[in-house]
Amino acid sequence: MGAVIEVRGNEELARRLERAGRLEPVRDLVEQAAARARELAARYARPHPADTGALGRAVEARIQGLEALVTPARRVAGIALTVEEGRQPGQRPPKAAITLWAGRHGIGVDPWVLASRIAREGTRGVRMFARAAEETEQWLRAQAGSVAARVERDLA
């Protein structure tokens with residue numbers, strides 16, 4: 001789970017740009033895209049003003065070559081998956097977690113009742129990584145042309 005930013009054909013592209021000494025503009029673009037995706041995922045991880053933002057602060061971006069991976073930190077990966085995709089009906093969430101969450105959101109329902117409803121109906125996912133990936137892809141498409149033009153100009 002997470003957002004993957006990948007320049008397709010990047011191994012060959014990286015070799016050619018490295019030989020020409022022009023890898024930096026593309027690497028900069030990947031780094032900017034990773035930072036943007038991380039920021040968006042962190043923002044979308046907090047859909048309600050009462051949310052603490054802890055999940056958003058645990059979003060990480062790792063860059064290797066011309067690829068970036070934006071994911072939740074390992075310590076929050078389980079809950080991040082539940083928040084991203086939603087909870088399927090069938091199992092009650094832990095009462096302690098529901099009590100804390102309901103209190104933070106000003107929900108005055110008995111936590112057992114709320115947990116039972118979640119078990120019956122499930123929850124809707126926030127899609128923070130999916131939305132961040134979609135928006136970052138659009139942004140990358142808009143930026144890629146100017147970077148390609150700059151590299152071509154430099155190589156000419």
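The values are calculated or read from the model by the stated rules, or taken from the named source; none is laboratory data. In this text, all values refer to a predicted model and were calculated from it rather than measured experimentally. No Cβ is skipped: glycine too gets one built from the backbone with ideal geometry, and neighbour counts run over all protein chains shown. SASA here: full protein model, heavy atoms, side chains in, ligands and nucleic acids out. Shrake-Rupley method; radii C 1.70, N 1.55, O 1.52, S 1.80 Å.
Add +1 for every Lys or Arg and -1 for every Asp or Glu among the other residues with Cβ under 10 Å from the Cβ of THR71, and state the total. Spell out each step's value before the answer.
Numbers: positive: ARG38, ARG62, ARG74; negative: GLU60.
Every neighbour counted, the sum reads +2.
Using a cut-off of 12 Å between beta-carbons, work out the net charge of the residues near ALA45 (Lys and Arg +1, Asp and Glu -1, ALA45 not included). Value of the local net charge: +3.
Secondary-structure-derived ellipticity at 222 nm for the chain, considering helices only, amounts to -19000 deg cm²/dmol, per-run term -39500 (n - 2.57) for DSSP H runs with n ≥ 4. Here r is the Cβ-Cβ distance between ASP28 and ARG124 and R0 is 35 Å; the resulting FRET efficiency, rounded to 0.05, is 0.45. In the chain, a dipole from Cβ-located charges (positive for Lys and Arg, negative for Asp and Glu) runs towards its positive end, and of ALA148, ALA97, LEU81 it is ALA97 whose Cα lies farthest in that direction.
Accessible area per residue for the stretch 70-156 is 66 Å², calculated with a 1.4 Å probe on protein heavy atoms, without ligands, DNA or RNA. Restricting the calculation to Cα atoms, every distinct pair contributes to the Kirkwood radius of the stretch 103-149, found to be 14.3 Å. Excluding PRO93 itself, calculate the net charge of residues whose Cβ lies under 11 Å from the Cβ of PRO93, where each Lys or Arg counts +1 and each Asp or Glu counts -1. With Lys, Arg at +1 and Asp, Glu at -1, the net is +4.
For the stretch 22-84, the Kirkwood estimate of hydrodynamic radius, built from reciprocal distances between every pair of different alpha carbons, is 12.4 Å. Applying 1/(1 + (r/R0)^6) with R0 = 25 Å to the Cβ-Cβ distance of LEU81 and TRP139 gives a FRET efficiency near 0.50.
When the alpha-carbon atoms of the chain are used, the pair Rg, Dmax equals 20.2, 69 angstrom. In order along the stretch 62-75, the phi-based Karplus estimate (6.51 cos²θ - 1.76 cosθ + 1.60, θ = phi - 60°) of 3J(HN,Hα) comes to 10, 10, 9, x, 10, 10, 10, 10, 10, 9, x, 4, 4, 5 Hz; Gly and Pro are listed as x. For the peptides 130-138, 96-104, 145-153, the ranking by mean Cβ contacts within 10 Å, running from highest to lowest, is 130-138, 96-104, 145-153. What a 1.4 Å probe finds exposed on the chain is 50% carbon and sulfur by accessible area, rounded to a whole percent. Each of the peptides 60-73, 33-46, 80-93 was scored by the mean count of other Cβ atoms within 10 Å over its residues; in descending order, highest first, they stand as 33-46, 60-73, 80-93.
Given +1 at the Cβ of Lys and Arg, -1 at the Cβ of Asp and Glu and no other charges, the dipole of the chain around its Cα centre is 500 debye to the nearest 20. For the pair ALA54 and ALA35 in one chain, pulling the backbone fully straight at 0.36 nm per residue adds 5.1 nm over the alpha carbon distance.
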